[in-house]
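Heads up, the thing below is written out as structure tokens.
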Amino acid sequence: MSKEVRVVANWKMNKTIKESIEFIQQLDHLIQVISIAAPSTALHSCSQNKPPMVSLGAQNIHFESHGPFTGEISAEMVKDAGAEFVILGHSERRYLFHEDNEFINKKIKHALLSDLQVILCIGENHTERESEQTDEVLKKQLFESLFELTEEQVSQVTIAYEPVWAIGTDLPATPQMAQETHSMLRKLIFEKWGQEMAEKIYILHGGSIKPDNIEELIMQPDIDGVLIGGASLQIDSFLQIIQKAGKYKK
Ligand code: PGA
């Protein structure tokens, strides 16, 4: 089986509507699908102006579809604005906004019921890596976040492994370290959901990925794509990443 490499941009709290549109219009020559998690304020305008190969996503949703949740946004709302997927469980949500696996699980279920695809982020912090708890921490994040999902639902989820210590630090995981962890994750998926799911599911890598380190990471057998923060904000570095990643098949 051969899979296209998946490239996902996570713009976080960056870019106005005008900046977002100007950026995505520069992607009109692409021949491979790429995904952008834009700020929710820019989703609708981007969806009206985007080139065909760009798929749009949100960076968060609430687990209820409407109600008294001041400042929150629902799956229905981001879908209405043009989102096809949502990033859930990002470490910035886990650490800065205290989201735990149970909370993330509720959001995932709601997103999937609302027909939004999910990118589930997991990752260990520096202390956990140093004290050799990585496998245990990731297993807990993975299974608790996907708790009670049907197989069909799990197949709508993309996993993004992002070591917390590598995010925004310019200290990416080494290719060998990344591969070992991705392979461990695929084995967990195999044990719980079987061979076909383990082969089909996308496991993306993230954390300080730049044009100069993308290839050594994407060539690892268990890295199916990348989630890019900082380097997705500049068109030059993002295009270089897309072009380099596009040379590989999985
Ligand atoms: P980074 O962010 O590429 O800036 O390290 C990745 C992410 O947070 O998804």
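The numbers here are math on the coordinates, done by the rules we state, and not lab data. None of these values were measured; they are calculated from a predicted model. A quick note on method: Cβ atoms are made from the backbone with ideal geometry, for glycine too, and the neighbour counts reach across all protein chains shown.
Just a few scattered comments:
- Summary of the geometry: region 189-206 and region 54-133, compared by the centres of their Cα atoms, lie 20 Å apart.
- Prolate/oblate/rounded call for region 3-83, Cα gyration tensor, a/c under 1.5 rounded: prolate
- Extending 7 Å from the Cα toward the beta-carbon at both GLU148 and THR174 defines two label points whose distance is 4.3 nm.
- Expected-Rg normalisation [2.2 N^0.38 Å, Cα atoms] applied to region 112-187: 1.18
- Estimated from helical segments only, the mean residue ellipticity of the chain at 222 nm is -12000 deg cm²/dmol, where each DSSP H run of four or more residues counts as -39500 (n - 2.57).
- Across the alpha-carbon atoms of region 57-148, the computed radius of gyration and Dmax are 13.9, 44 angstrom.
- Potential extension, PHE69-LEU188 segment - 0.36 nm per residue separation minus Cα distance: 39.3 nm
- Volume of the convex hull of region 135-236 (Cα atoms only), normalised per residue: 104 Å³.
- Counting DSSP beta bridges with both ends in the chain, the antiparallel % (nearest 5): 5
- Applying the Kirkwood pairwise sum to the alpha-carbon positions of the chain produces a hydrodynamic radius of 18.1 angstrom.
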